[in-house]
Amino acid sequence: MALGQKAGLRLVRAERGQVEWQMASLDELLPEDHRARQVWQYVEGLELSRLYDAIQSHTGRAGRPAIDPAVLMTLWLYATLEDVGSARQVARLCERDVSYRWILGRVRVSHKTLSDFRVEAGGVLDELLSRSVAALASAGVVDLQCVAVDGMRLRASAGTNSFRRKKRLDQLHDLASEKVAKLRGELDRDPGASDRRRQARRQWAAEDRQRRIEQAKQALAEIEAQRAAEAKEQRRKQPANKREPRASTSDAQARIMKMADGGYRPGFNAQFKTTPPIGLIIGVSVDNNGSDRGRLRGTVAEIEQRYGQRPQQVLADSGYDSKTDIAALHEHEKGTVAVFCPLPRNQDGQVRPPRVNDGPGVLAWHQRMNSDDGKALYRQRFATERPHADMRNRGLTGVLVRGIEKVKAVVLWHVHAYNFLIISRLPRTA
């Protein structure tokens, strides 16, 4: 009883110990206009043949039936919209939340199944992105002639202290190899069953450690090769970054890069291509290069590869102002692609005039950005910041998975969740 109650009051009190029967189905418990129903209807319209073809459970064969991929697809898409990014948290919600229980429809699912499906569906999600945007483009809803590109840094699942130099990696590799050999010898002596299982777990952990160190050593070689290639392209005798490279033993594909808050932490660079002014995401890529410079040609190539047509205009921020890219897109054999990005400025904030040796592509870029029409068109680039804000509000500031492919899969879930919201508004705004 709460404090402060006066004697003689007549109250309706909560009764939680009464046993009762509730005659209702899951479908009756969920409102007709609930978002879970909208997501399920959206997923039912997707082409999921690639997921169904991978199922090996068939009628007349032994084995447990597979969970319908449409159920798992709906579950993760709805969870992403509800700001839930943990497989364990989704599994807990499937036990007690009506909307998740409705999606499952009495299907039992573990957090391991959820986690595996989230990262293994990356290729299907990438294909579905191209299919959905192509359908909208053929219907005249989306215009692919103008594309805006912007990047977002994601915190990797690796600590700064996990980065090691070559000398230390060699030492760790030798220690790991010795431990693996020792554990294999102990396992071969055929101890008792319980000891054998314990030794097998220890051996697996040691082999995993050895594998991650080998991946880190391979990453070091890739970093050194990349620096040498950049120095050759810039006609330098030595790489600009003279620091000894380091690689992570937790996630060998993560790199130290500058984040949005100005700090330097392990992360990945996710690049989003959108169609202004509606802001629909039409392309996405993930890598470990912390710089945006030199990505304009790759942006055009991705759109052409996905949809079979080249954009005529590309909008980008000042981080993409590579004169090499601007000149190459201006003089491309398949047609000119006009780049719209801010002109470089000096320390006083004044726009730098073109240099004497600048080509026609750079000169045309200056003319576009100094014209009123160019400035008006460039204002549409700010529509690309809406997807970033939406994804960050839904928890996409870092990732719990490791490796570029798995990180891209997580990013694609957020891309489809955002596009779902945009597409659901299109009929009302058309």
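Does the range 264-273 contain any residue that is aromatic (Phe, Trp, Tyr), at pLDDT 85 or above and more than 18 Å from ARG153 (Cβ to Cβ)?
No, there is no match, as no residue in the range 264-273 is aromatic (Phe, Trp, Tyr), at pLDDT 85 or above and more than 18 Å from ARG153 (Cβ to Cβ).
Taking the criterion of being surrounded by fewer than 22 Cβ atoms within 10 Å (Cβ to Cβ) and farther than 30 Å from ILE213 by Cβ, would at least one residue in the range 244-256 satisfy it?
Looking for residues that are surrounded by fewer than 22 Cβ atoms within 10 Å (Cβ to Cβ) and farther than 30 Å from ILE213 by Cβ, one finds none in the range 244-256, hence no.
Can you pull out the residues in the range 376-424 that are in contact with a Leu (Cβ under 8 Å, 6 or more places away or on another chain), charged (D, E, K, R) and closer than 27 Å to ASP33 by Cα?
Correct list: ASP390, ARG394.
Is it true that LEU315 is under 19 Å from THR384 (Cα atoms) and in contact with a strand residue (DSSP E or B) (Cβ under 7 Å, 6 or more places away or on another chain)?
Taking the combined requirement at face value, the residue satisfies it.
Run ASP150 past the list (1) under 30 Å from HIS414 (Cβ atoms); (2) out of contact with any strand residue (DSSP E or B) (no Cβ under 9 Å at 6 or more places or on another chain); (3) modelled with pLDDT of 75 or more; (4) of a type in the set (Asp, Glu) and report the number of the one that doesn't hold.
If we test ASP150 against (1) under 30 Å from HIS414 (Cβ atoms); (2) out of contact with any strand residue (DSSP E or B) (no Cβ under 9 Å at 6 or more places or on another chain); (3) modelled with pLDDT of 75 or more; (4) of a type in the set (Asp, Glu), just (2) comes out false.
How do the helices (runs of 4 or more DSSP H) wholly within the range 1-119 filter down when requiring 1 or more residues that are loosely packed, with under 11 Cβ neighbours inside 10 Å: which remain?
Result: 26-29, 35-44, 49-53, 87-96.
Can you tell me which residue among VAL339, VAL407, VAL401 is surrounded by 14 or more Cβ atoms within 10 Å (Cβ to Cβ), in a helix (DSSP H, G or I) and at pLDDT 85 or above?
VAL407
Return the residues of the range 281-304 that are in a helix (DSSP H, G or I) and either small (Gly, Ala, Ser) or out of contact with any strand residue (DSSP E or B) (no Cβ under 9 Å at 6 or more places or on another chain) (or both); say none if nothing qualifies.
The answer is ARG297, GLY298, ALA301, GLU304.
Quick one: in the range 274-287, of everything that is surrounded by fewer than 19 Cβ atoms within 10 Å (Cβ to Cβ) and modelled with pLDDT of 85 or more, which residue is farthest from the chain's Cα centre (by Cα)?
Top of the filtered list is ILE278.
The values are calculated or read from the model by the stated rules, or taken from the named source; none is laboratory data. Not measured: the values here are computed from a predicted model. Note that each Cβ is placed from the backbone with ideal geometry, even for glycine, and that neighbours are counted across all protein chains shown.
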